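Below: one structure, written as structure tokens.
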């Protein structure tokens with residue numbers, strides 16, 4: 001049924017009623033300083049303290065963002081009874097060890113928000129999920145593109161049936177990321193760092209695909225050895241829907257003297273309507289909200305172009321933490337639980353396998 005108000009797209013997350021659970025943060029890099037802490041402050045969440053491998057950096061971030069405590073170590077932070085939830089924001093190679101350290105501490109916290117990727121392999125990610133469940137600690141994964149406002153708006157339209165049955169969904173990324181130093185030497189570059197956002201978004205919109213086709217090649221600009229810099233992939237669904245993404249991190253010689261065309265566009269075509277969108281992230285650090293335009297036969301084919309002031313960076317980061325806090329409040333499964341996120345990790349594995357072995361990969365449970 002078409003909504004009576006085409007601008008009522010529920011693009012903002014439902015906030016938890018209880019916002020004063022104490023949050024401790026592990027990590028003090030850019031994503032914590034400029035996204036997590038800004039979003040949490042705007043949402044009214046209570047950050048108790050922070051710790052980092054480099055104490056001076058944690059101290060500087062705490063002073064800048066008004067965090068009251070700086071802990072010398074993860075164990076010191078966990079010993080503080082005010083810390084009930086831990087936000088882990090460290091490189092993926094270090095994250096499993098940090099999560100296990102949290103689970104092994106005598107004083108149990110109630111919940112963990114882990115960065116994406118949860119781990120750099122399906123097996124390691126599943127082990128983390130199993131360990132958290134065994135310890136009774138709720139695990140949420142920070143797949144924050146699900147909280148981009150255009151992504152959520154489209155999900156609302158899909159769920160309401162405004163666009164009909166899904167036919168084709170596409171994401172076109174023409175952007176130049178700044179690869180962090182920890183990305184060098186990993187078994188995957190773009191798939192587990194960039195494409196993971198789009199693979200998770202397709203799961204959010206369409207559910208679990210059955211088959212994956214993929215092709216990858218190195219990014220000419222990235223100097224350290226890697227194989228999956230530029231990713232092209234197609235997801236096939238049993239209901240005949242298709243999804244495809246072009247994750248182009250080269251974008252021409254835009255850093256070498258040519259003009260640039262930085263953009264992320266998405267498109268969704270259904271049996272009753274169509275939606276077009278943009279993702280504002282490539283403009284960062286400028287604040288650029290994402291957009292959605294949509295049309296439906298249920299509304300005589302008119303175009304609707306709602307707009308908002310919120311942007312993925314940093315506002316979406318309150319959504320993922322809010323989802324964890326709400327789960328702790330209600331006792332329900334978090335919206336991006338560790339168990340659910342195994343499906344996204346499985347898709348990353350399938351893209352790598354399909355590209356390396358030049359074949360269609362059927363989705364099962366990876367080894």
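Coordinate-derived values only; no laboratory data. Being a predicted model, the structure only gives us computed values, none of them experimental. Heads up, the Cβs are rebuilt from the backbone with ideal geometry, glycines too, and the neighbour counts pull from every protein chain shown.
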If eta is 1.306 mPa s and T is 10 °C, what Stokes-Einstein diffusion coefficient results for the chain, Kirkwood Rh from Cα pairs, in µm²/s? 75 µm²/s
Only Cα pairs within less than 10 Å get springs; with that Gaussian network setup on the chain, which residue of 57, 109, 90 has the largest fluctuation? 57
Take residue 333 and residue 258, extend 7 Å from each Cα along the Cα→Cβ direction, and tell me the distance between the two endpoints in nm. 4.5 nm
On Cα atoms only, tilt of 317-330 relative to the major axis of the chain in degrees: 70 degrees
Highest GNM mean-square fluctuation among 115, 140, 186, for the chain with Cα springs under 10 Å, belongs to 186
With the contact rule set at Cα under 8 Å and sequence spacing of 6 or more, what percent relative contact order holds for the range 160-233? 33 percent
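Tell me what the chain gives for mean residue ellipticity at 222 nm when only DSSP H runs of n ≥ 4 count, each as -39,500 (n - 2.57), the sum divided by the residue total, rounded to 500 deg cm²/dmol.
The helix contribution divided over the chain gives -9000 deg cm²/dmol.
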Förster radius 41 Å - calculated FRET efficiency between residue 159 and residue 127 (Cβ-Cβ, nearest 0.05): 0.80
Looking only at 354, 79, 190, which one moves most when the chain is put into a Gaussian network model with springs between Cα atoms under 10 Å? 79
Quantify how much of the Cα-Cα distance distribution of the range 320-359 extends past 14 Å, in percent. 58 percent
Expressed as a fraction of 2.2 N^0.38 Å, the rule-of-thumb size for a compact globular protein of N residues, what is the C-alpha radius of gyration of the range 247-336? 1.46
Using R₀ = 30 Å, calculate the FRET efficiency as 1/(1 + (r/R₀)^6) where r is the Cβ-Cβ separation of residue 300 and residue 167; round to 0.05. 0.90
Distance between Cα centroids, the range 262-278 to the range 295-367: provide it in whole Å. 16 Å
Using the Kirkwood radius over C-alpha pairs as Rh, can you work out the diffusion coefficient of the range 30-180 via Stokes-Einstein at 25 °C, viscosity 0.890 mPa s, in µm² per second? 139 µm²/s
Using alpha-carbon pairs under 8 Å, 6+ residues apart, how would you state the relative contact order of the range 19-142 in percent? 23 percent
What does the C-alpha gyration tensor say about the overall shape of the range 208-298? Classify as rounded when a/c is under 1.5, otherwise prolate if a/b is larger than b/c, or oblate. oblate
With 10 angstrom as the radius, rank 219, 34 by how many other C-beta atoms surround their C-beta, starting from the fewest. 34, 219
Could you list the residues of the range 161-178 with an amide nitrogen less than 20 Å from a label point located 7 Å from the Cα of residue 240 in the Cα-to-C-beta direction? 161-170
Once R0 is set to 35 Å, what does the formula 1/(1 + (r/R0)^6) return for the Cβ-Cβ distance between residue 286 and residue 8, expressed as a FRET efficiency to the nearest 0.05? 0.80
Can you give the angle from 0 to 90° between the axis of helix 122-135 and the longest principal axis of the chain, with both taken from C-alpha atoms, to the nearest 10? 50 degrees
Report the label-to-label distance for residue 309 and residue 221 in nanometres (one decimal), using points 7 Å from each Cα along the Cα→Cβ vector. 3.2 nm
Just want to confirm a number: the relative contact order over the chain, from Cα pairs under 8 angstrom separated by 6+ residues, in percent. 21 percent
So what is Rg over Rh here for the range 237-288, counting just Cα atoms and using Kirkwood for Rh? 1.10
